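Just so it is clear, none of the values below were taken in a lab; they were calculated from the coordinates. Since the model is a prediction, treat every value here as computed from it, not as a measurement. Heads up, the Cβs are rebuilt from the backbone with ideal geometry, glycines too, and the neighbour counts pull from every protein chain shown.
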Amino acid sequence: MAGFVLSSPSFLEGDSMPAKYSCDGSNVSPALVWDGAPESAAAFALIVDDPDARGFIHWVAYNISGGRSGGLPEGAGAAQVPPQGRNDFGKSGWGGPCPPGGTHHYRFTLYALSAQLPLVGTPTAGEVRNALSRVLIGYTTLTATYTRKK
């Protein structure tokens with residue numbers, strides 16, 4: 001969607017994510033900022049996955065407050081708000097990059113929704129994707145890389 005952008009003050013599109021956000025560092029979620037969302041956006045959902053690891057899910061958040069612009073502060077992946085889903089580490093919230101080797105890509109996909117999702121608890125990324133298909137009005141992505149230092 002033209003004009004709808006997702007960024008982070010911690011890294012640029014396509015650049016390396018600082019170790020602070022990984023299992024090698026503090027393992028906190030990075031701050032995210034978005035702008036240009038559709039005017040009718042009532043809520044957002046966020047899914048972070050690693051396409052180099054068959055779509056391994058690192059973070060699921062949903063029913064994030066709506067508006068044309070917004071963001072999530074650093075460390076939001078450990079907070080109670082917004083609601084957090086279950087990642088592929090089997091936990092709620094952020095699970096930072098921890099690749100076994102090589103450089104992996106981390107895709108942050110922010111979905112603009114016309115209504116909040118009728119979900120409770122800690123849904124999986126699949127459950128969030130199924131629910132958002134009925135209210136999706138736009139999306140944007142931000143991709144970063146991470147190479148683990150051994």
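Observations
- Theoretical gain in end-to-end length, Ser10 to Ser69 [0.36 nm per residue, Cα-Cα removed]: 19.4 nm
- Ala42 paired with Cys23, simple spin-label distance in nm, labels 7 Å along Cα-to-beta-carbon: 3.9
- Answer label for Rg and Dmax of the Cα atoms in Å (calculated), chosen among [x] 15.5, 47; [y] 14.3, 46; [z] 16.2, 53: [y]
- Gyration tensor analysis over the Cα atoms of region 73-128 returns equivalent ellipsoid semi-axes of 22, 13, 12 Å (largest first, whole Å).
- The calculated FRET efficiency for Lys91 paired with Arg148, based on their beta-carbon distance and R0 = 22 Å, is about 0.70.
- Sites Ala78 and Asp52 - FRET efficiency at Förster radius 30 Å, r taken between beta-carbons, to 0.05: 0.75
- Charged neighbours of Met17, selected by a Cβ distance under 15 Å, balance to -3 (K, R count +1; D, E count -1).
- Summed side-chain charge close to Ser29 - residues other than Ser29 whose Cβ falls under 12 Å, Lys, Arg +1, Asp, Glu -1: 0
- Net charge contributed by nearby residues that have their C-beta within less than 15 Å of Gly55 (K/R +1, D/E -1): -1
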